[in-house]
Structure formats: C-alpha cells, structure tokens
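To start, the structure itself, in structure tokens.
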4 protein chains.
Amino acid sequence: MSANDNPDQLVLSSDNLHPANLIPELCASFYRLGWVTGTGGGICIRTGDKVYIAPSGVQKERIQPSHIFVLPYPQPSPHADRVFLRRPALELKESACTPLFWNAFELRDAGSCVHTHSQNAVMATLLWSGDVFRISHQMIKGVRISGTGSALSYLDTLEVPIIENTPNEEDLKDSMAEAMKAHPNAAGVLVRRHGVYVWGKDWEKAKTQTECLDYLFEIGVKMKLAGVPTVLNA
Amino acid sequence: MSANDNPDQLVLSSDNLHPANLIPELCASFYRLGWVTGTGGGICIRTGDKVYIAPSGVQKERIQPSHIFVLPYPQPSPHADRVFLRRPALELKESACTPLFWNAFELRDAGSCVHTHSQNAVMATLLWSGDVFRISHQMIKGVRISGTGSALSYLDTLEVPIIENTPNEEDLKDSMAEAMKAHPNAAGVLVRRHGVYVWGKDWEKAKTQTECLDYLFEIGVKMKLAGVPTVLNA
Amino acid sequence: MSANDNPDQLVLSSDNLHPANLIPELCASFYRLGWVTGTGGGICIRTGDKVYIAPSGVQKERIQPSHIFVLPYPQPSPHADRVFLRRPALELKESACTPLFWNAFELRDAGSCVHTHSQNAVMATLLWSGDVFRISHQMIKGVRISGTGSALSYLDTLEVPIIENTPNEEDLKDSMAEAMKAHPNAAGVLVRRHGVYVWGKDWEKAKTQTECLDYLFEIGVKMKLAGVPTVLNA
Amino acid sequence: MSANDNPDQLVLSSDNLHPANLIPELCASFYRLGWVTGTGGGICIRTGDKVYIAPSGVQKERIQPSHIFVLPYPQPSPHADRVFLRRPALELKESACTPLFWNAFELRDAGSCVHTHSQNAVMATLLWSGDVFRISHQMIKGVRISGTGSALSYLDTLEVPIIENTPNEEDLKDSMAEAMKAHPNAAGVLVRRHGVYVWGKDWEKAKTQTECLDYLFEIGVKMKLAGVPTVLNA
C-alpha cells in the first residue's frame, strides 16, 4: 500500500530522524529554551517534494507524529486553496506560519524553517528601533550567508532585517518576502514585538543557525543595555 | 465497585491524561519553570462535577496521584464545611487556593486554574504600581478574552487586574472575585508581591494561557527596566 | 550481619527515600538549579543518631550512594577526632561543611542542612552591606521561625544574618553559631561572597526552605537593582 | 584484533567513563548550560598517548561515540600534517580547536580541555577592557593554580588573561600560548568576544574548573553592572 492510499503512512516511521519524529522532539527542546511557549512558534521540514508542519495553537512540547500535516511542494497553484497530502485526524488547525515557511523554500531553497517567540529576539527588535539588527565581532561564523550559503566570518557585520508585525501571521508573507529580497544575504527575518524566522538547507542547519542568531540577539541586547557598542566596523 | 465505594478509584488511572496523573506531571514541569518552588502554587482541574486539587505545602515536583484531593462541583452548600469525594490517606492538608480556584469555576465556568509564584508576575506587580498590568503590541493572541472566550488580538491592550495580597490565601477570595467582575475580560488576576491566578476552559488552555501571561509579564518587566513604553495605544 | 559488621550496608537501600539515595538525587537537582556547580555546596541528612554527608570536592551531580559518609550523632567527643560509622572506599575527602552542618543539628535540632553557592545568595550579601538581609511583604510563609518552628507570615520581616567568609570553610563554625544565637528566629545564615546555609526538621523542609530563601534572595536583588524598597514595615 | 587493526575499537566501549562515551554526555550537558549552542565549543580528553576530540560544526548535544576523532599524543611532528589514529566514517571535519587543546597538553600537561562560548565569558571580556579578568573574594578555591596545580584560596585574586579573537580559531594558537606563558598561574584563557578555554589534569577537573570560572565570570559581570568592586585586594 502506498502512502497515497493511506496518508497516515507519511508520518509513521521508526526512524528517529524522520521529519514526523523530529518535529515533536525539536519542538519539545525549543519549549525548554523558551522559544515556543504558549503554543507559539515551531519548525517545519521539507524533504524534496514534501513539507511537514506542526499544527497551530497546540502545546509545542506535546506534539505527536500523528499531529503532523504533510503538504506537497510546490503547491499545485499559489492561488488555489492549499493542498495537503495528509491531515491529522484530530481537529487540528494548520499552522498560520505556512506562507512564511514557504517564503524560505521559494526564495532561499531552504529545507527547514524555524519560528521562535524568543524574548531575546523580541528585545532585539525593541532596542534596535530601525529596520535592521546589526552586530559585529561576535561568534557570527555559525551563521550562513542568506541562510543557505557559505559561513559568515567573525569580521563580518551580521544584518537581520526587522519587519513590522501584523495581527494575522499570514499577513507577514509579503513584507517578509520583501525583506528577504532587499537583504539577499540575510539568514533570518526578525518580526518586531513578535519573534524571528530562520531557515537553513536542512533541519540541522536551520536549528543551529537559530541557536546562533538567538545567541547574538541575547548578547547584543546585553551589550546595548550595558552601553557597549554592538558594531565595531566603520 | 463504584468510586463511591472506594474513593481511591477516583485517582487511579492508567490514562496519562487523567487529572490525577496530569496534576503531578504538570506541577513537576511548573517547578522546572520556577513557578512553584518552595511548595507554593499549583494547578487544579475540573471535569464536569469533579474537581482535582493537589495538597497544600508539599513539594510540587514530587506529588503522586495518591496525594490528590477530589471535591464535588458544585459544593452542596457554600456556607457549610467543604465536602470531599476523596481525601488522601497521608496527613496532607487541602490547598489554601481552593476558594480562589472556585472563583474561576463559578465566575468564568473554567475547567482548570493555575496559580504561580513566578518572579515575572511578582516583578510585574512591583513595577506596575496601580491596580492593572497593561501591555500592548506583543504576542497577546494566545490569551483569551475573560480566559475562556475568543482569542485576543495583537492590537488589543491586555489588562490584568492586580489585587493586594493577604496573609491567608483564602482571604483573597472576595477581592479576586471583585476584580474578576470589575474586569470581565481579564484572563487572570495578579496578586501583588505574591503571584498570579490564570484559568481556562480546560487544563491545556489554562496552562498555555499561563505561559502566555508569564511571557508578557517577563517581557513587560524587561521593557519597563529598559525604558521602553509597554503600551502603544492612545 | 549488622551494619556494624559491614558499614557499606549503611548506604545500600532499595528505598528511594533512604538518605544515601536521596543525597545523590537532591544534589543532582541542586546542580540543575545552579546551587552546587564546581563541586561546591551540598546537603546532609540526619536520621536520629546517624548523619549522612556527601564527600568534599566532587561533582555534586554525579554522586553515588557508595560515596556517602555516615557519622554517629552526637559525636563521642567534640574535642577528639571525628568518628565515622562508614567511609567510602574511594579516596574521597569528608565534607569541609561538617562542622557547619553540626551547628544546625546542635543549635536547632535540625534533621537536614543545605549549603548552596547560589548567585542569588551571593548577590544578596553584596547588595545588603550590613550583617542582615531583610525583606518583607513577599512569599515568606514557606519559611519557618528558626528554621524548625512554625511558619512565618506574609506580614513578617524576614531576617537572615550575614557572616563574613573565611578561606577555610571549617573556620566559619564559630561565627555561624554566634549568628544563630544572636538571631534565634533565623532560618538560615548567609556567608558573604560565598553562599548560604539553611536547615529544617527533615530533608523536605530543609530543601523547601532553601527554595523559599533563594526565591527571596532573587526577588530582593531584583527589587534592589530596580530601586524598589525591600522592606515596607516601619 | 588490536585497535590498530580496527580503529573503530578506539571509540567502542561499554564503560560510561570511556572518553568516547563521556564526550557526548558532557557536550549534551554543556548544551543545556548554554555553553556550546550553535555547534560551537566542546571538550577534548587525553588519556596518556591518545587524544579524543569531538568533530567540528556539529550539534554538540547530538554527538555519538562513533563521531569522535582519536589522535596520537604527542603528534609525530609539529610541522607535518596532523596524524589520526581514528577518523569517523561520516563526512565530519576535525575540530578547529585542536591546536588550542594542544597548548593545554603541551604547556600545562593537561588531561582535558573545555572550550565554551558562554555568554558570561563573553560579557566578562567586554566589561574588562584590558587584557586580564580579575576578581577576588569569591568562591575561587575550586580553581587550581595554572589549572593543574594546587587549589587557589578565597583570599587570592584570580587572574584570567584575555586574548583578542581571530577569524580562524586555529590562529589563536600562538597568542593563547603566549598568554599562558605570561600568566603561568592562569587556569584558563579568555578570548575576547568569543569564549574561554579551561583545562585540568583530567576531564573532571577541567569540567569543574570551567564551572568555577564560569560562575566567577557570571558573578563578576553582575557585580560590575551593579557597581560593586570586583577586586578588594590593594
């Protein structure tokens, strides 16, 4: 029987590294980091022509593989209703982040995208009042140019664009896409008073780059509050 | 044999989601969040006509299902002594929060209520010297109007009333009820220099709304200390 | 065979609540709280005429029951060399805190004493420059008068004496005893630039009171740094 | 069959304390401490003539024993290409920290070296603008003179040299060695805007001294920000 016959096969695997197993595990670890409390945030994983996404509005540390949505990539039509390969049996809503994750796939060929409500990210958007977070001379080299390219250097100035938040997450799609085009080297997009989107070639790189960026938001906020300049380059 | 014959049956279940199993698990996770250290705080769950409550003055991360009190809802008489369906065999005291949890059931038809001594909540009551904590333009949409209604919006100003603490927790019942009536949309009540009460339709919503409010207290305190305005609305 | 015949029987038990099993478990949880990093701090438990103490200078999160020292209480003579009922086979040193734990047993009839290097305690000793840490109108009621008496009230002012540190932990014995006598109601003793000693009737009360005091040191430090008065009483 | 015949034997052991098992466990615990997020940092262990090192650029909390590199100590020639006893089968890169770990072995006869990107270490290098971090009258006695000697005293002033960072970690080798020679008593070397290297006679001492130093960086930064002098000695 193929997965088309029984869509639940798409999320059943004994492999710990299968996306349907990874997403619950990673969401639980993000919860412990304070990135996805109160049902916010999450991670999606794309493997070739399939995208795995956690549901909306659930406790992220209690997701089960059976809760995962699976979508075809690309979607048959950007203008038609969203198409799914598999929907969970429970009354679960699809993630409002879906269009934003799609930005990372379409504009950066990403294989995974992480969204956090980390307080470090939010504080960074409050203390950097313009439309770009900037920091230099910190451990920036874990971050990749445009998120999927080669590694940045200690001597580079990291720039993460900041877009303004909207009441509905879906409405961020266009401004996020614009920011990604205006900042082709950016490895993520901050959303003012909300959080951050970070992507990578695969789930490992999306996760480790989120850790790197969150680390830089945290140290940047501490530096700013302590009166230490955050950019040394002219 | 019915539960009336052997009240211990009320707290014995192999279902992880049975209230008598959930309360110990949730209290342990609240302990790791710093919400219920030093025996303070906790959670109660109501399922229809039964209320499950953890005992008072015990280590919240070490509660066992056998420690849980079960009460009928509603109580036969508000003026008579409290009636129990099941009391633990050990010398455990009933929770002093019981009358406050009852406020959430009676005034909001809540199915669960969480009480924390979170330092974020306490700091919020110290830095907001009036009788209401206010914040806007943050991730407010995980919170529900009146705690059990529809979701708030990013553009709303969240308001959580602050009542003054009393030496005996039971004595907060009336002022908490008054605050709930004066603020019919409030999803929780802060107690100055003490903590917060938050409720929801069920344990999942009570827990996730507590996470959302605690997140907002934390970011609000950080903003206030950094000199960032916490309310943008006119 | 009695324990006298084979002293290792004193630390072998299948009971999770046996002191030789509890001490490793509690030390591991204290490590996660940041109280005993770098081999410092610990807990001792007295059950009637036996005292169980973790060794000195070891990783507190990796203690095994076989590492525990057992001493008779009281000691045959305060002036003679210390007597042991059981010493671990490994080359482990006895705890330098032993004389300080003994203060808690002798002066307060405690059944357990906790010692932490918590940064909250150390910061409290730096921001309260006198010889007493004071706070009022906080969640003080988890603390007991003199550590082993009845519960304090929300309206009480908590006072924890602060003694000056010495290079050798043993040398704190006399000044700690003096502080305990001068402050007969004190539930613990802070050591400037070092940490805190807290005791209770048994391990549960010693642990929960340490949590309460650490919580009060933390909120007190935050209040002081935010310019909020820490004592409201005249 | 000897390990020379099948190098994988070098990392296969049922002993929890074998370096190939310890490194994954310790890295996972360092991850939880925030020391090695975003693939940075790590620990190496030397047992006599063998050095065990985790790979570069991987998630430190997910290392497996099979990922470990094993090198001979000393290396046949400091000028020739690096020689390995065992390389992992996967496409893993050797650690860029290798030459820095070698400093600890060669200049201090260390048995283990830890590298963290701890924010406490980085903040210390930002708030101590000179080339030495200094603190006195804190819990310094867990640190050993030169990292492998006798314990420091509470009355000593701890000095940790700070070197300037370079884009490539390998390029720190000479300046780290110079700092170690200029500060023969130093138990670690801070790298400005990057992190810290700490060593010890064995993995336990390297780890516990890293904990002690990180504790001192953390309290030192807090003291500095609160306006409390960090050195009392004349």
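The values are calculated or read from the model by the stated rules, or taken from the named source; none is laboratory data. Predicted model, so just to flag it, every value in this text is computed and none were measured. Cβ: placed from backbone, ideal geometry, glycine included. Neighbour counts: every protein chain shown. Heads up: the accessible areas ignore ligands, DNA and RNA and are worked out on the full protein's heavy atoms, side chains in. Shrake-Rupley method; radii C 1.70, N 1.55, O 1.52, S 1.80 Å.
Observations on the model:
- Result for chain D in a Gaussian network model with C-alpha springs under 10 Å: among D:VAL58, D:VAL198, D:VAL143, the largest mean-square fluctuation is at D:VAL58.
- Among beta bridges that DSSP assigns inside region C:118-227, antiparallel share in %, nearest 5: 85 percent
- Chain D - mean residue ellipticity at 222 nm from DSSP helices (-39,500 (n - 2.57) per run, n ≥ 4, rounded to 500): -9500 deg cm²/dmol
- GluC sites (Glu not before Pro) restricted to DSSP loop in region A:53-150 with at most 16 other C-beta within 10 Å: A:GLU91, A:GLU94
- Dipole-positive endmost among A:GLY227, B:HIS67, D:SER175 within the protein assembly as shown (Cβ charges, Cα centre): A:GLY227
- Summed over both chains, the area buried between C and B is near 2000 Å², taken from the accessible surface of protein heavy atoms with a 1.4 Å probe.
- With a 10 Å cut-off around each Cβ of D:142-154, the average count of Cβ atoms from other chains is 1.
- Taking every full run of DSSP H in chain C, the ones that stretch at least 24 Å from end to end by Cα along their long axis and average -0.5 or higher on the Kyte-Doolittle scale are C:203-226.
- Along its first, second and third principal axes, ordered by size, chain D spans 62, 34, 33 Å in Cα coordinates.
- DSSP beta bridges fully contained in region D:1-95 are about 100 percent antiparallel.
- Using heavy atoms of the protein chains and a probe of 1.4 Å, the accessible area assigned to C:HIS183 is about 50 Å².
- Counting Cβ atoms of other protein chains within 10 Å of each residue's Cβ and taking the mean over peptide A:34-43 gives 5.
- Cα radius of gyration and Dmax for region D:47-159 (Å): 17.2, 50
- Sorted shortest first, the distances from the A:GLU25 label point to those of the same residue in the other copies are 2.0, 2.0, 2.8 nm; each point sits 7 Å from Cα along Cα-to-Cβ.
- Candidates A:LEU90, A:LEU107, A:LEU172, ranked by Gaussian network fluctuation over chain A, Cα under 10 Å, top entry: A:LEU90
- Given charges at beta-carbon only (K, R positive; D, E negative), |dipole| of chain B in Debye: 460 debye
- Inter-part distance where region D:171-193 and region D:120-136 are each reduced to a Cα centre, Å: 14 Å
- Between C:ALA96 and C:THR157, the distance separating the two model label sites (each 7 Å from Cα on the Cα→Cβ line) works out to 3.5 nm.
- Of all lysines in the structure, those lying under 16 Å Cα to Cα from B:LYS181, and not within fewer than 8 positions of it along the same chain, are B:LYS173.
- Gap separating the Cα centres of region D:30-86 and region C:195-234, nearest whole Å: 42 Å
- Using a probe of 1.4 Å on the protein chains alone, the accessible area found for C:ASP109 is around 90 Å².
- Average partner coverage of D:175-184, which counts Cβ from other chains inside 10 Å: 0
- Accessible solvent surface per residue of region B:97-228, calculated while the other protein chains remain in place, 1.4 angstrom probe, Å²: 30 Å²
- All Cα-Cα distances of region D:119-230, cut into 10 Å bins from zero to the largest, leave 15, 50, 31, 4 percent in each bin in turn.
- Among A:LEU100, A:LEU158, A:LEU17, residue whose mean-square fluctuation peaks in a GNM of chain A (springs only between Cα atoms under 10 Å): A:LEU17
- Region D:1-95, Rg to Rh (Cα coordinates; Rh as Kirkwood inverse mean 1/r): 0.97
- Overall dimensions of the protein assembly as shown as given by Cα atoms, namely Rg and Dmax in Å: 28.4, 88
- Rounded percent of accessible protein surface that carbon and sulfur make up, the protein assembly as shown, 1.4 Å probe: 49 percent
- Measuring r between the beta carbons of A:TYR73 and C:ASP5 and using R0 = 60 Å, the FRET efficiency lands at 0.25.
- Modelled spin labels at C:SER13 and D:SER13, positioned 7 Å past Cα toward Cβ, are 3.4 nm from each other.
- Label geometry 7 Å along the beta-carbon vector: D:ARG82 inter-copy distances in nm: 4.5, 4.5, 6.4
- Solvent-accessible area per residue, Å², over region B:1-95 with all protein chains present [probe radius 1.4 Å]: 49 Å²
- 30 Å Cα-Cα threshold exceeded, pairs from C:LYS60/D:LYS222; A:LYS201/D:LYS207; B:LYS60/C:LYS50: A:LYS201/D:LYS207
- Beta bridges per DSSP, both residues in chain D: antiparallel share near 95 percent.
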